Amino acid sequence: MNNKFFQFLGLTKKAGKLIEGYNQCEDALSHGRGTLIILSEESATNTKDKFKRFSIKYNIPFIEGVSNEILGRCLGRAEINVLCVNDKRMSSKLLSLWNEVNEEKKEEQENEENKDDKENEINEENKVDE
């Protein structure tokens with residue numbers, strides 16, 4: 001687990017600033033204690049919709065698209081679908097790490113696409129020369 005986002009998520013749990021599970025997160029958000037919502041990609045559609053509504057209603061940032069196994073593994077569990085952070089500074093750090101990781105992934109994908117485009121151009125030029 002070399003990803004800084006997941007390392008910091010584990011640190012957030014150790015600091016006692018992470019709420020785990022559907023019911024606990026729902027309760028925390030409805031009482032104004034949540035500052036960041038994290039959902040796994042395997043979460044049910046109704047669950048995603050409900051927490052997205054919480055995100056909009058209370059103006060809380062929202063992260064999704066991580067496997068429930070990966071989320072669980074960094075927290076010492078088998079899997080987890082719903083997480084909520086209840087500390088503003090930790091939430092902002094997690095968001096910045098998440099955005100940093102996603103920017104790196106986008107750059108890697110663009111580099112691969114550019115490499116594929118160049119290879120296709122070279123192959124087409126070679127076909128024309130033959």
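We did not get these values from a lab; they are worked out from the coordinates using the rules stated. Computed from a predicted model, the values in this text were never measured in an experiment. Don't worry about glycine lacking a Cβ; one is built from the backbone with ideal geometry, like all the others, and counts go over all protein chains shown.
Determine the dipole magnitude for region 1-82: charges of +1 sit on the beta-carbon of Lys and Arg, -1 on that of Asp and Glu, nothing else is charged, the reference point is the Cα centre, and the result goes in debye to the nearest 20.
Using only the charged Cβ atoms, the result is roughly 340 debye.
Using r as the Cβ-Cβ distance of ASN111 and GLN24, and R0 as 41 Å, what FRET efficiency do you calculate, to the nearest 0.05?
That pair, ASN111 with GLN24, gives E of 0.50.
Work out, step by step, the length gained on full extension between PHE62 and SER92: first 0.36 nm times the residue separation, then minus their alpha carbon distance; give nm to one decimal.
Going from the current span to full extension adds 9.7 nm.
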